[in-house]
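**Student:** First the structure, then my questions, so here it is.
The values are calculated or read from the model by the stated rules, or taken from the named source; none is laboratory data. As the structure is a computational prediction, the values presented were derived from the model and not from experiment. Here Cβ is always computed from backbone atoms with ideal geometry, including for glycine, and neighbour counts include all displayed protein chains.
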């Protein structure tokens, strides 16, 4: 568990990493059983608390800090996530617990994409990104409507 937190802290650009480390321990839980290790990433806890740390940064770097931190956490947990996928996932936190159509989400993302051009996706790439997030079990996607998962559980067999 400490290795995961340490790996995340190396990728995150913060001056005071000790409180952030404690925050990460609240977000990521680990349990060991006889033949498996289970890690739970409580994404709602992460989204609720990340703003406290992002607010220490200049306004133009706050959103990107959240995206890169989310990307680092998921990478340390074994997900192969692209920066654009992390951007979409981080944007979903602002929508709350409501379901949204993927076409409406694509239209809403055009505004932040104007500001963060490195994360811009075409409509086809956006569709592939949504599919990838669904396959990784990070979002629920049914009948063109998507919703952010509350907890992400990863189980490794020894």
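**Student:** Got at least one residue in the range 32-41 being crowded, with 16+ Cβ neighbours inside 10 Å, within 18 Å of residue 70 (Cβ to Cβ), in contact with a helix residue (DSSP H, G or I) (Cβ under 6 Å, 6 or more places away or on another chain) and modelled with pLDDT of 90 or more?
**Tutor:** no
**Student:** Just need a number here: residues in the range 126-149 that are surrounded by 12 or more Cβ atoms within 10 Å (Cβ to Cβ), outside any strand (DSSP E or B) and either touching a residue at least 24 places away in the same chain (Cβ under 8 Å) or on the phi < 0 side of the Ramachandran plot (or both).
**Tutor:** Total meeting the criteria: 13.
**Student:** Also: When the range 116-125 is examined, which residues are found to be in contact with a helix residue (DSSP H, G or I) (Cβ under 9 Å, 6 or more places away or on another chain) and outside any helix (DSSP H, G or I)?
**Tutor:** 116, 120, 121
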